[in-house]
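Student: Take a look at the following structure, please.
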Amino acid sequence: MKGPSVVIIGSGPGGFYAAGSISKKLNSDIDIIDRLPTPFGLIRGGVAPDHQTTKKISATYTRTAKKDQICFFGNIEIGKDISLEVLREIYDVVIIATGSELDNKLGIEGGDLKGVYGSAEFVGWYNGHPDYMDLNPNLDTKNVVVVGNGNVAIDIVRVLSKTFEEMSESDIPEYALNSINKSPIKNLYIVGRRGPVEAKFTNVELREMGNLKNCLPIVNNFDLPNKLEGDFSERDRRLIEKNLETLKSFSSIEKIKKGKKLNFVFFHKPIEIIGNEKVESIKLEKTKLEGSELKSTGEINEIECGLVITAIGYKPKNITGLKISDGVVENKNGKIDTGFYAVGWISRGPTGVIGTNKADGEQVADLISKEFKTQSKDGRKSLIEIIKSKNLTAISFEDWEKIDSYEKKNAKDPVPRKKILTIKEMLKICKI
């Protein structure tokens, strides 16, 4: 007996975990649609190019994609090529897994100056994402300020700090690698409104900053508490204490001369970015914590810089037919409406690690299996008819494997792949 027809919009971790969970519970045809010809979402376009081990999770998603009941349709944009309304008409179950693609804005004066970038666009640029490969940020500056105290901020300063040799086993595009290596960057500042206790770095990421060949991490020990106080779960307490230990250890690193310095600037909030046409400096106000409340002190510091990158969270793109509020689609435990669900960041906000998405997929699979027993809409058959009638070019998973193979073959050892940077070229390779 055929289970309900399912379509998942978005092929990142959220989408693939949902597909995997549903395929184990139901004998359903499951279609995964993505606006790019390439699957895997942030694994390809967001995970730092020097973190190849993290990217290996895509092998798990590949096994899912190769199941007989699952079909990938790349290069199809929902809301532009096909409406959400139409998908809901032709499928029993529609799952939104489009994530949070847009940067939150700082919302301060000067935030729109040239040389201010959000982390989604900057990370997309050094990852060869088709949306951002033409960003062309000007790295001709000695000082760079990264606003944010999470792993994305750490990724950015690490990629900007590493030597050519340290990036040799990454899949960073040549244009980004060359631009970073030619830049005169000497000082990187990673700025957080709160302190090291509240910072969201994972310890593995933070520790890496102490092992860079040409960059010295610098922490003001006055910002580090002597003793961790407050009401924390045992797990959180353990993680925070590890981070504090790592930050303290940076002080004991031998002060040999290195070309770059990474300055951890805690308890400072950006209040203004200064410049005529482009960034010249950023004004920060010192803050303090009274209990859990962040207070301004009135003390102002200014850092001269030619580049400001904000890593302060993300929000989803608007799609007609979705009600977005506070950065997530309105849902209850993953359910938006009958036959309509959400997983991943668009359902709960941009938090957690890649594996956090697994629970979302399992939760939605449980809901679907309880609410639907059989197929009543033909889903895939209608989708293929629409694609043909609109003369759209859909990319199959087998097509993606041609791109994947081409990228790997064209890379010079030890580089794992040489990314194809434009959709036009990707489509050309698919037709070989």
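Student: TRP125: accessible area at probe 1.4 Å, nearest 10 Å²?
Tutor: Surface open to solvent at TRP125 totals about 10 Å².
Student: Still on this structure, please answer the following. Using the alpha carbon gyration tensor of the range 164-278, what are the three equivalent-ellipsoid semi-axes (square root of 5 times each eigenvalue), largest first, in whole Å?
Tutor: 28, 19, 15
Student: Moving on. For LYS377, project a label point 7 Å along Cα to C-beta. Then give me every residue of the range 92-108 with its amide nitrogen under 18 Å of that point.
Tutor: Inside the label zone: 92-98.
Student: With each pseudo-label sitting 7 Å past Cα toward Cβ, what's the LYS370-THR53 distance in nm, one decimal?
Tutor: It is 3.9 nm.
Student: With a 1.4 Å probe and all protein chains left in place, how much accessible area per residue does the chain have, in Å²?
Tutor: Accessible surface, normalised per residue, equals 48 Å².
Student: For Cα pairs less than 8 Å apart in space and 6+ apart in sequence, what is the mean separation divided by the residue count of the range 167-294, i.e. the relative contact order in percent?
Tutor: Over the range 167-294, the number comes to 34 percent.
Student: Same structure again: Within the chain, what whole-number % of the accessible surface is contributed by carbon and sulfur, with the 1.4 Å probe and all protein chains included in the calculation?
Tutor: Carbon-and-sulfur percentage of accessible area, whole number: 48.
Student: Of the peptides 72-79, 386-393, 373-380, how do they stack up when ordered by the mean number of other Cβ atoms within 10 Å, highest first?
Tutor: So the order, starting with the most tightly packed, is 72-79, 373-380, 386-393.
Student: So what's the gap between the Cα centers of the range 308-379 and the range 76-146, to the nearest angstrom?
Tutor: Comparing the Cα centres of the range 308-379 and the range 76-146, I get a distance of 18 Å.
Student: Any chance you could give the angle, 0 to 90 degrees and rounded to 10, that helix 380-389 forms with the longest Cα principal axis of the chain?
Tutor: Relative to the chain, helix 380-389 is tipped by roughly 80 degrees.
Student: Using the Cα atoms as the points, what is the convex hull volume per residue of the chain in Å³?
Tutor: 153 Å³
Student: Taking the full set of protein chains and a 1.4 angstrom probe, give the accessible area of SER252 in square angstrom, rounded to the nearest 10.
Tutor: SER252 has an accessible surface of roughly 90 Å² with all protein chains in place.
Student: Taking every alpha carbon pair in the range 71-139, what does the distance histogram look like in 10 angstrom bins from 0, in percent?
Tutor: 15, 35, 26, 19, 5
Student: Here is a follow-up. Taking all pairs of different Cα atoms in the range 86-195, averaging 1/r and flipping that mean, what Kirkwood radius in angstroms comes out?
Tutor: 16.0 Å
Student: Return P(r) of the range 281-333 (all Cα-Cα pairs; 5 Å bins starting at 0; whole %; ordered from short to long distances).
Tutor: Values per bin, smallest distances first: 4, 13, 12, 13, 13, 14, 13, 11, 7, 0.
Student: So what's the net charge close to ILE33: Lys and Arg +1, Asp and Glu -1, counting the other residues with Cβ under 10 Å from its Cβ?
Tutor: Surrounding charge for ILE33 is -3.
Student: Under the Karplus relation 6.51 cos²θ - 1.76 cosθ + 1.60, θ = phi - 60°, what is the ordered set of whole-Hz ³J(HN,Hα) values for the range 267-277, x standing for Gly and Pro?
Tutor: 6, 9, 10, x, 10, 6, 10, 10, x, 7, 9
Student: While we're on this one: Quick one: 3J(HN,Hα) in Hz for the range 32-42, Karplus 6.51/-1.76/1.60 with θ = phi - 60°, rounded, Gly and Pro as x.
Tutor: My calculation for the range 32-42 gives 10, 10, 9, 6, 9, x, 9, x, 5, x, 5 Hz in order.
Student: Please list, in chain and number order, the residues 5+ apart from CYS71 or on another chain whose amide H is under 5 Å from its amide H, with Hs placed from the backbone.
Tutor: Sorted by chain and number, the residues that satisfy this are ILE30, ASP31, ILE32.
Student: Report the FRET efficiency, 1/(1 + (r/R0)^6), for LYS248 and LEU392, where r is their Cβ-Cβ distance and R0 is 56 Å, rounded to 0.05.
Tutor: 0.50
Student: Related question: Kindly sort GLU121, GLU234 by accessible area of their heavy atoms, largest first, with the probe set to 1.4 Å.
Tutor: The ordering from most to least exposed comes out as GLU234, GLU121.
Student: By how many degrees, 0 to 90 and rounded to 10, does the Cα axis of helix 397-409 deviate from the longest principal axis of the chain?
Tutor: Result, in degrees: 40.
Student: Are any of the pairs LYS80/LYS390; LYS55/LYS182; LYS142/LYS257; LYS2/LYS370 more than 22 Å apart by Cα-Cα distance, and if so, which?
Tutor: Over 22 Å Cα-Cα: LYS55/LYS182.
Student: Among TYR132, TYR61, TYR17, what's the order by accessible area (1.4 angstrom probe), most exposed first?
Tutor: The ranking, largest first, comes out as TYR132, TYR17, TYR61.
Student: Can you pull the three principal axis extents for the Cα set of the range 319-388, in Å, largest first?
Tutor: Extents along the principal axes, in whole Å: 37, 28, 22.
Student: Expressed as a rounded percentage, what relative contact order does the range 130-239 have, with Cα pairs under 8 Å and six or more residues apart?
Tutor: 36 percent
Student: Right, here's the next one. Which of rounded, prolate or oblate describes the range 238-336 when judged by the alpha-carbon gyration tensor and an a/c cut-off of 1.5?
Tutor: Prolate is the answer for the range 238-336, as a/c is 1.5 or above and a/b outweighs b/c.
Student: Could you state, as a whole-number percent, how many of the C-alpha pairs of the range 1-147 are farther apart than 18 Å?
Tutor: The share of Cα pairs beyond 18 Å in the range 1-147 comes to 63 percent.
Student: Which net charge results for the neighbourhood of PHE340, defined as the other residues with beta-carbon distances under 14 angstrom from its beta-carbon, given Lys and Arg at +1 and Asp and Glu at -1?
Tutor: Surrounding charge for PHE340 is -1.
Student: Sticking with this one: For the Cα atoms of the chain, what angle does the longest principal axis make with the long axis of helix 13-25, in degrees from 0 to 90, nearest 10?
Tutor: Computed tilt is about 40 degrees.
Student: In the neighborhood of ILE70, defined by Cβ-to-Cβ distances under 9 Å, what is the net charge if each Lys or Arg adds +1 and each Asp or Glu adds -1?
Tutor: Summing Lys/Arg as +1 and Asp/Glu as -1 gives -1.
Student: Using only the alpha-carbon atoms of the range 275-432, report the extent along each of the three principal axes, biggest first, to the nearest angstrom.
Tutor: Dimensions of the range 275-432 along the principal axes of its Cα atoms: 64, 48, 33 Å.
Student: Something else about it: 7 Å from Cα along Cα→Cβ at both ASP326 and ASN276: what's the point-to-point distance in nm?
Tutor: A separation of 4.5 nm, rounded to one decimal place.
Student: Here's another thing I want to ask about it. List the residues, sorted by chain then number, that are 5 or more residues from VAL147 or on another chain and whose placed amide H is less than 5 Å from its amide H.
Tutor: Counting only residues 5 or more places away or on other chains, the set is VAL191, ILE309, THR310, ALA311.
Student: For the range 38-102, take the convex hull of the Cα atoms, compute a quarter of its surface area, and give me that in nm², please.
Tutor: 5.6 nm²
Student: Next up: Hey, what's the Cα Rg ratio for the range 391-432 versus the globular rule of thumb, 2.2 N^0.38 Å?
Tutor: Normalised Cα radius of gyration, the range 391-432: 1.20.
The values are calculated or read from the model by the stated rules, or taken from the named source; none is laboratory data. Bear in mind the structure is a predicted one, so any value in this text is a computation, not a measurement. As a convention, Cβ positions derive from the backbone with ideal geometry for all residues, glycine included, and neighbour counts pool all protein chains shown. Quick note on the areas: whole protein, heavy atoms, side chains included, nothing else; ligands and nucleic acids left out. Shrake-Rupley method; radii C 1.70, N 1.55, O 1.52, S 1.80 Å.
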